[in-house]
Amino acid sequence: MPDKASFPYETRLNVLHGPLELIDEKAIADACEYDWFDQTLCRVNDAVVRLGVVKGEYHWHKHDNDDEFFYVINGKLLIDLEGRTIQLLPRQGFVVPKGTIHRTRALERTSILMIENHGIVPTGN
């Protein structure tokens, strides 16, 4: 992954919880002190579930071999694609297909879940 100076996000790829462990998403989100935070919660087969607590903009990027699923828990997530923007409100989800250039934005603190292949590089290819 590129250095933190290039991408000022707090990205934690370690798997926080194993099978049969309770995951308290709210407690993790409430304890977050970062504007852009990404924590892998658990692994499910060959995928991971990540919690994002976000405010501000991510950079434009793509994943050549991986789809990404975004699901809003609270707040509002904007997903910019070439030529349009998708707005996700709580309890709404969206799949960004592999190879699609995109960026995510949140004007206010927003909590999201992401489901993606475990080997994905969050900052893109």
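The values are calculated or read from the model by the stated rules, or taken from the named source; none is laboratory data. In this text the structure is predicted, and so the values were computed from the model without any measurement. Note: ideal-geometry Cβ built from the backbone for every residue, glycine included; neighbour counts use all protein chains shown. Areas reflect the complete protein model, heavy atoms only, side chains present, ligands, DNA and RNA absent. Shrake-Rupley method; radii C 1.70, N 1.55, O 1.52, S 1.80 Å.
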Using beta carbons and a limit of 8 Å, which pairs, at least six apart or on different chains, have the first residue in the range 30-49 and of a type in the set (D, E, K, R) and the second one at pLDDT below 95 and outside any strand (DSSP E or B)? ASP38/TYR9; ASP38/PRO122; ARG43/HIS118; ASP46/HIS118
Out of GLY119, GLY99, report the one residue that is at positive phi and either in a loop (DSSP other than H, G, I, E, B) or open to solvent by 10 Å² or more (accessible area, probe 1.4 Å) (or both). GLY99
Residue that is most open to solvent (accessible area, probe 1.4 Å) [pool: residues in the range 11-46 that are within 21 Å of VAL95 (Cβ to Cβ) and over 13 Å from the mean Cα position of the chain (by Cα)]: ASN45
Please verify whether HIS63 is assigned to a loop (DSSP other than H, G, I, E, B) and surrounded by 19 or more Cβ atoms within 10 Å (Cβ to Cβ), treating the condition exactly as stated. yes
Only one of LEU89, LEU41 that is at pLDDT 95 or above and more than 14 Å from ALA106 (Cβ to Cβ): LEU41
Give the residues of the range 74-96 that are in contact (Cβ under 8 Å) with a residue 24 or more places away in the chain and not in a strand (DSSP E or B), sorted by residue number. GLY75, LYS76
